[in-house]
Structures are given as C-alpha cells and as structure tokens.
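A short worksheet on the structure shown next.
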Amino acid sequence: MSRNKTRRAVEASAVTNNGINDFKVKGFLTLIDDINLKIIEEIVKNPNASSMPIATKLQMPLSSLQRRRTKLEKSVLTKAYHVNLKTSGGKVGDTIINVDKGRSREVAGSILKKFKSNVMNVSTRIN
C-alpha cells in the first residue's frame with residue numbers, strides 16, 4: 001500500500017471513529033507524514049538498525065531522524081522479542097479447544113500445569 005493510501009486509510013478510520021478515542025487518532029495522524037512513514041518502514045525492516053544508516057539512506061540530518069525516531073518509539077512503535085523455536089529444534093503448533101462457558105482460564109491453567117515442560121504459552125479467546 002502506498003504512503004498516501006495508508007494515510008488516507010488512517011484518516012478515513014478517524015472520520016468513522018465517531019469521536020471515540022478521537023484524541024488518540026488525531027495524535028497518531030500528526031505523527032504520520034511521509035518522512036515518518038519512511039522511518040517506520042526502515043525500522044520495521046530492521047528494528048536493531050542504528051540511526052546513522054537510516055539518516056544517510058533517507059538523506060536527512062541525523063539529529064532530525066533521532067528526534068523523530070524517539071517520538072515514534074515512545075508513541076506508536078513497539079519492539080518485541082520472540083523465541084524462534086524452529087531454529088532450536090522445537091515445534092510450533094496451535095490447538096483449538098472448545099470449553100464450557102466460563103471455564104477457559106481454568107482449562108488454560110490446567111494445560112500449562114500438566115504440560116509445563118512442553119507448553120510455553122496458552123492464550124484464551126472469546127468468540
């Protein structure tokens with residue numbers, strides 16, 4: 001999706017928001033300009049990239065990039081780490097279990113307890 005289409009989509013969602021979280025949406029929109037979209041694109045490609053190569057690639061002063069990057073990282077970007085089980089020989093799978101109403105946390109807890117050496121995470125979802 002092009003940057004302009006992305007911005008229009010965000011603006012359209014703000015229009016249909018009917019005032020709910022309007023402040024958050026407006027604050028987000030003020031952060032999203034063409035330069036910040038380019039910065040976000042580079043950070044998403046490589047979250048560990050230092051600012052200097054990004055500033056050089058985007059042909060902008062390092063101080064400007066760092067100021068914008070810091071603002072983005074404090075407001076809309078989140079850095080997360082994930083365990084890559086496949087590289088360590090582990091297996092990844094999803095199991096869908098239908099449980100009685102109100103028992104999903106109980107079942108999730110018992111799965112973790114019973115299979116603690118094999119299960120790293122259990123999550124619940126309400127349909």
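The values are calculated or read from the model by the stated rules, or taken from the named source; none is laboratory data. What you are looking at is a predicted structure, and each value in this text was computed from that prediction instead of being measured. Glycine gets a Cβ as well: all are built from the backbone with ideal geometry, and neighbour counts include every protein chain shown.
Quick look at the numbers
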quantity: Out of Val122, Val92, sole residue that is at pLDDT below 90 and surrounded by 13 or more Cβ atoms within 10 Å (Cβ to Cβ); calculated: Val122
quantity: Candidate set from the stretch 70-85 (those that are farther than 18 Å from Lys45 by Cα and among the charged types (D, E, K, R)); member that is surrounded by the fewest Cβ atoms within 10 Å (Cβ to Cβ); calculated: Lys74
quantity: Index of the failed condition, Val99 passing every other in (1) of a type in the set (Val, Ile, Thr); (2) surrounded by 12 or more Cβ atoms within 10 Å (Cβ to Cβ); (3) under 23 Å from the mean Cα position of the chain (by Cα); calculated: (3)
quantity: Condition broken by Ser51, with the remaining ones in (1) assigned by TED's automatic domain parsing to the domain that holds Asn121; (2) farther than 27 Å from Asn121 by Cβ satisfied; calculated: (1)
